[in-house]
Amino acid sequence: MKKNFLLPTLLLAIFACLGTLTLEAAEVRFERESDSVKVFLDDSFFTEYRFRDGQNPIFWPIIGPTGEKMSRSYPMEEGVPDERRDHPHHRSLWFTHGEISGVNFWHTSDEAGIIEHVEFSSLEPPTMRVKNSWKDREGRVVLSDERSITFGADDLGRWIDFAILLSASNGDVVFADTKEGTFGFRVPGVLDVDRRKGGKIINSEGLVDDAAWGKRAAWVDYNGVMNEKPVGIAIMNHPQSAFYPTYWHVRTYGLFAANPFGVGDFTKQKGHPGEYTLPKGQTLRLMYRVYFHAGDESEGKVAENFEKYSK
């Protein structure tokens with residue numbers, strides 16, 4: 001995986017336009033606060049981008065189309081029924097990686113790296129553009145990123161689109177081959193397959209539950225029942241994203257992550273075939289959609305939504 005994924009200028013321009021796609025049904029509005037931005041769809045609260053909350057920015061809470069909280073609340077909120085108090089670094093919806101140039105950005109500890117909010121380059125609905133700096137505990141910049149995050153909805157669901165441009169702004173950057181990454185989500189406890197309350201994992205290749213772990217797929221859907229309402233969360237990997245189709249670190253206890261770098265763990269190959277070096281001054285782009293829908297993967301038309309997203 002030593003291939004360089006530099007993108008031509010024209011292709012970068014096309015990706016930049018992804019943040020300005022016409023919405024089908026919802027008007028998006030932002031409310032800026034000191035440490036967060038609240039996102040509304042047709043005046044209905046959708047989510048909050050918390051950019052100075054812990055060691056990395058997160059989205060929490062996230063309200064789905066049926067009115068349910070669609071991500072785990074722990075550790076931001078205690079005492080929610082059916083929620084496990086494990087893996088406190090699994091904070092709703094986030095983007096990190098287990099080891100980058102020797103720095104652990106995945107776990108929560110005094111030695112772990114910090115993703116520091118730098119600025120909003122724009123806040124023009126339906127898109128926010130955010131710059132971040134990835135630092136070790138001595139303040140050394142390991143990596144920089146710029147994220148174009150776009151919000152939308154239709155009659156079936158709500159979504160958040162991410163186009164993340166990673167930049168080796170301060171020297172070569174090495175993404176370690178580890179399963180601990182990368183574009184992460186923690187489903188609400190009641191949807192955990194292990195709870196045996198109807199939770200299910202299924203990917204674009206038809207693999208179900210444990211069989212979906214460590215496999216490559218265009219999308220994965222994690223669905224079940226919340227308050228007697230069938231709901232689901234799909235994460236999709238855009239075909240023009242680097243390393244498409246990504247590997248998936250998706251677990252029956254509720255972790256749900258797209259990880260293009262953990263090839264050694266996922267395939268049991270030796271020699272760290274997933275390690276990737278981004279040379280100084282170069283960039284890498286990853287692209288994902290998180291789709292919150294009513295019904296299961298069929299009723300929520302996940303495959304159809306992916307086809308629309310991919311084009």
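The values are calculated or read from the model by the stated rules, or taken from the named source; none is laboratory data. No experiment lies behind these values; they were computed from the predicted model shown. Note: ideal-geometry Cβ built from the backbone for every residue, glycine included; neighbour counts use all protein chains shown. Ligands, DNA and RNA are excluded from the accessible area calculation, which covers all protein heavy atoms including side chains. Shrake-Rupley method; radii C 1.70, N 1.55, O 1.52, S 1.80 Å.
Taken over region 108-160, the criterion of being touching a Gly at 6+ places or on another chain (Cβ under 8 Å) and of a type in the set (Lys, Arg) is satisfied by Arg129, Lys135, Arg137, Arg158.
Results for (1) hydrophobic (A, V, I, L, M, F, W, C); (2) open to solvent by 40 Å² or more (accessible area, probe 1.4 Å), shown as yes or no for each residue.
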| position | (1), (2) |
| --- | --- |
| Leu207 | yes, yes |
| Ala212 | yes, no |
| Pro230 | no, yes |
| Phe243 | yes, no |
| Phe261 | yes, no |
| Gln269 | no, yes |
| His293 | no, no |
| Glu299 | no, yes |
| Val302 | yes, no |
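Contact map, region 211-228: residues that are among the small types (Gly, Ala, Ser) paired with residues that are assigned to a loop (DSSP other than H, G, I, E, B) and open to solvent by 10 Å² or more (accessible area, probe 1.4 Å), Cβ distance under 7 Å, separation 6+ or inter-chain. Pairs shown: Ala217/Ser204; Ala217/Glu205; Ala217/Pro245; Ala218/Ser204; Ala218/Pro245; Gly224/Lys197; Gly224/Gly198; Gly224/Gly199. Looking only at region 240-255, which residues are under 15 Å from Gly98 (Cα atoms) and touching a Leu at 6+ places or on another chain (Cβ under 8 Å)? The answer is His249, and nothing else.
Can you pull out the strands (runs of 3 or more DSSP E) entirely within region 192-281 that have at least 1 residues that are acidic (Asp, Glu)?
Because the criterion is at least 1 residues that are acidic (Asp, Glu), the strands (runs of 3 or more DSSP E) in region 192-281 that meet it are 219-226.
Would it be correct to say that Asp265 is open to solvent by 40 Å² or more (accessible area, probe 1.4 Å), touching a residue at least 40 places away in the same chain (Cβ under 8 Å) and over 14 Å from the mean Cα position of the chain (by Cα)? It is true that Asp265 is open to solvent by 40 Å² or more (accessible area, probe 1.4 Å), touching a residue at least 40 places away in the same chain (Cβ under 8 Å) and over 14 Å from the mean Cα position of the chain (by Cα). As a summary of the residue check, Glu275 satisfies the conditions (1) more than 28 Å from Arg195 (Cβ to Cβ); (2) open to solvent by less than 10 Å² (accessible area, probe 1.4 Å) except for the one numbered (2).
Among the residues of this structure, Lys131 does not count as one that is surrounded by fewer than 16 Cβ atoms within 10 Å (Cβ to Cβ) and not in a loop (DSSP other than H, G, I, E, B).
Gly67 passes every criterion in (1) of a type outside the set (S, T, N, Q); (2) buried (at least 16 other Cβ atoms within 10 Å of the Cβ); (3) at pLDDT 95 or above apart from (2). Among the criteria (1) open to solvent by 30 Å² or more (accessible area, probe 1.4 Å); (2) under 22 Å from Ala257 (Cβ atoms); (3) assigned to a loop (DSSP other than H, G, I, E, B), the one Leu165 does not fulfil is (3).
Only residues that are small (Gly, Ala, Ser) and either within 15 Å of Thr182 (Cβ to Cβ) or part of a strand (DSSP E or B) (or both) were counted in region 90-111, giving 2.
This table checks each residue for (1) open to solvent by less than 30 Å² (accessible area, probe 1.4 Å); (2) in contact with a strand residue (DSSP E or B) (Cβ under 9 Å, 6 or more places away or on another chain); (3) more than 15 Å from Tyr253 (Cβ to Cβ).
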| site | (1), (2), (3) |
| --- | --- |
| Val173 | yes, yes, yes |
| Arg186 | yes, yes, no |
| Asp192 | yes, yes, no |
| Arg195 | no, yes, no |
| Ser204 | no, yes, yes |
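Taking each residue of region 102-126 that is on the phi > 0 side of the Ramachandran plot and looking for partners that are at pLDDT 95 or above and part of a loop (DSSP other than H, G, I, E, B) with beta-carbon atoms closer than 9 Å, six or more apart or interchain, yields Gly102/Asp136; Gly102/Ala176.
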